[in-house]
Amino acid sequence: MTEVVILNASYEPIGGVSVRHAIGMLVRQVAVVEEAVAGQMFGPYPRPKVVRLIRYVAAKWLYRPAGWSKRSVLKRDRHQCAYCRGRATTVDHVVAQSRGGSSTWLNTVASCSPCNNRKGDKAARDVGLRLQWEPWVPRHVDLVA
Ligand SMILES: [Zn+2]
């Protein structure tokens, strides 16, 4: 459960954790509360929404390309359909898998069900759909809150 956003000491979001985990960080004094849920306490602490690390963490892995997954494609495209900009719940293969298209960042986009169904295994332009942006390879840092 990621309920609390973690910021690096530089205020850059680097991930999310559960409230319990975040409280643990406050107790160990490795993080401070940046934003809290008004009026809710967790023991002596305000219930955090955003915490910030006290010491900067050099997280090189954050700047490496992220591994592909359907969930990550939806995240990269902010749950927006690459064809109509509606709410996306599925992942579409630009070149259909049945035509040899691979499950890679550059061949997949977030899509709503209607667009995905309409496209099927055809090319987007054959069914009057157009990509609103080119698929790209995100880094881990692009996929955190
Ligand atoms: Zn759509």
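The values are calculated or read from the model by the stated rules, or taken from the named source; none is laboratory data. Fair warning: this is a prediction, and the values are worked out from it, not measured in the lab. Positions of Cβ are generated from backbone atoms using ideal geometry, with glycine treated the same way; all protein chains shown enter the neighbour counts. To get the accessible areas, we keep the full protein, side chains included, count just its heavy atoms, and leave off ligands, DNA and RNA. Shrake-Rupley method; radii C 1.70, N 1.55, O 1.52, S 1.80 Å.
Side notes on the structure shown:
- The set of residues in region 123-145 that are under 15 Å from Ser69 (Cβ atoms) and within 16 Å of the ligand (Cβ to nearest atom) contains only Pro135.
- When region 85-128 is filtered for residues that are over 17 Å from the mean Cα position of the chain (by Cα), part of a helix (DSSP H, G or I) and of a type outside the set (Gly, Ala, Ser), the ones remaining, listed by number, are Gln97, Arg99, Asn107, Pro114, Cys115, Asn116, Asn117, Arg118, Lys119, Arg125, Asp126, Val127.
- Residue list for region 94-122, restricted to those being away from the ligand (no atom under 16 Å from the Cβ), surrounded by 12 or more Cβ atoms within 10 Å (Cβ to Cβ) and farther than 20 Å from Arg71 by Cβ: Val95, Ala96
- Neighbours by Cβ (under 9 Å, 6+ apart or cross-chain): first from region 121-145, aromatic (Phe, Trp, Tyr); second open to solvent by 40 Å² or more (accessible area, probe 1.4 Å): Trp136/Leu106
- Evaluated against (1) surrounded by fewer than 16 Cβ atoms within 10 Å (Cβ to Cβ); (2) of a type in the set (A, V, I, L, M, F, W, C); (3) part of a helix (DSSP H, G or I), Leu74 falls short on exactly one condition, (1).
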